[in-house]
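Novice: One structure coming up, written as structure tokens, with questions to follow.
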Amino acid sequence: MVNTSKPSKEQVREYMERRQAQHQPPPSCQEIRRQLGWELVEAEREERCRRR
């Protein structure tokens, strides 16, 4: 079983409020994950790279 770290609903809501206030185009999915701290564990990251 692979463990992931996901942001709470409150963290996502706060992030979305900050993003809407900035009036800029949305960042990439990777940047959003980085900003929210939604990091995959190393094993899952390596597995995904091998599949591609």
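Novice: For segment 16-52, name all the residues that are at pLDDT 85 or above, of a type in the set (A, V, I, L, M) and surrounded by 10 or more Cβ atoms within 10 Å (Cβ to Cβ).
Specialist: Hit for segment 16-52 is Met16, nothing else.
Novice: Among the residues of segment 1-15, write down those that are in a loop (DSSP other than H, G, I, E, B) and either charged (D, E, K, R) or at pLDDT below 85 (or both).
Specialist: Across segment 1-15, the qualifying residues are Met1, Val2, Asn3, Ser5, Lys6, Pro7.
The values are calculated or read from the model by the stated rules, or taken from the named source; none is laboratory data. All figures in this text were calculated on a predicted structure; none of them were measured in a lab. Note: ideal-geometry Cβ built from the backbone for every residue, glycine included; neighbour counts use all protein chains shown.
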